[in-house]
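The values are calculated or read from the model by the stated rules, or taken from the named source; none is laboratory data. What you are looking at is a predicted structure, and each value in this text was computed from that prediction instead of being measured. Here the Cβ positions follow ideal geometry from the backbone for every residue, glycine too, while neighbour counts run over all protein chains shown. Surface accessibility is based on the protein's heavy atoms, side chains included, excluding ligands, DNA and RNA. Shrake-Rupley method; radii C 1.70, N 1.55, O 1.52, S 1.80 Å.
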Amino acid sequence: MKCLIVDDEPLARKGVHLHLKKYPELELAGCFNNATAAAAYLQLNPVELIFLDIRMPGVNGLDFARSLGKQTMVIFITAFAEYALDSYEVDAIGYLVKPIHPERFDKAVLKALAYEQLFRESDNTAIEFVPDHLLVRSDRQYIRIALNELQFIEGLKDYVILHMKEQKVITAMNLKQIHQKLPQERFLRVSKSYIVNTSFVKTFDNNAIYIGENEVPIGNAFRDTFFETFVRQKMIPPGKAEE
């Protein structure tokens, strides 16, 4: 899988490069100190993954991410934690705060490698809806997914990733389309990029929902709805719920 590093700090670029050496699956295609130069390179040289800073001279990382193709994944690496929620608005798959913690870097890279495999298996076929189930074509076969096993749904540009406890499936459909077809009383949209099955919501705080090892962000525009339709209905005081 080809990748780029885009960061205006030389030491930051070197640090990411060093971390990448442990992953033979990743081919570093180039390093750039600004988004404009990276965009020019991408016109003729597509890549699957970009490690991207946010605050840079000229075009910032968030605006650059919005311009990328649907199968180019982004892992933000920045010194500023306050852009985390904004990163999900542009479908980033990871958000790392400098200095980079190796375990968090590894988790983000492994997620990118897993998603790249899912993209290869996707047949770009929309989901078929049947009572209490979804039928999804992936890797030339249909996968039957019970709604009561579907923990949450992640939107990634023109795709959705269906998360079950032991399996992930990707297919071509946007998050709004799938949400309209799901039982609204069970599946709640909590950000621009995520829908959760409320049956699996056990622990949360003001900014995120925790499902197993997954952290699902709560978007600013969706926070009030989440607390009104889920927390109050369940009669749980706002704040962090108990396990």
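See the values below:
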{"quantity": "Checklist (1) modelled with pLDDT under 80; (2) in contact with a strand residue (DSSP E or B) (Cβ under 8 Å, 6 or more places away or on another chain) applied to ARG140, failing item", "calculated": "(2)"}
{"quantity": "Count of the stretch 63-91 residues which are open to solvent by less than 60 Å² (accessible area, probe 1.4 Å) and under 14 Å from the mean Cα position of the chain (by Cα)", "calculated": "12"}
{"quantity": "Qualifying residue in the stretch 34-42 (condition: of a type in the set (Val, Ile, Thr) and within 22 Å of the chain's Cα centre (by Cα))", "calculated": "no"}
{"quantity": "Filter result for LEU96 (modelled with pLDDT under 95, open to solvent by less than 50 Å² (accessible area, probe 1.4 Å), of a type outside the set (Phe, Trp, Tyr) and not in a loop (DSSP other than H, G, I, E, B))", "calculated": "yes"}
{"quantity": "First in the stretch 70-86 and in a helix (DSSP H, G or I), second anywhere and of a type in the set (Lys, Arg) and surrounded by 16 or more Cβ atoms within 10 Å (Cβ to Cβ), Cβ under 8 Å, 6 or more apart", "calculated": "none"}
{"quantity": "Search result, residues across the stretch 1-40 that are part of a helix (DSSP H, G or I), surrounded by fewer than 16 Cβ atoms within 10 Å (Cβ to Cβ) and not small (Gly, Ala, Ser)", "calculated": "PRO10, LEU11, LYS14, HIS17, LEU18, THR36"}
{"quantity": "Meets criteria (of a type outside the set (A, V, I, L, M), over 14 Å from the mean Cα position of the chain (by Cα), under 19 Å from VAL216 (Cβ atoms) and at pLDDT below 90) for GLU185", "calculated": "yes"}
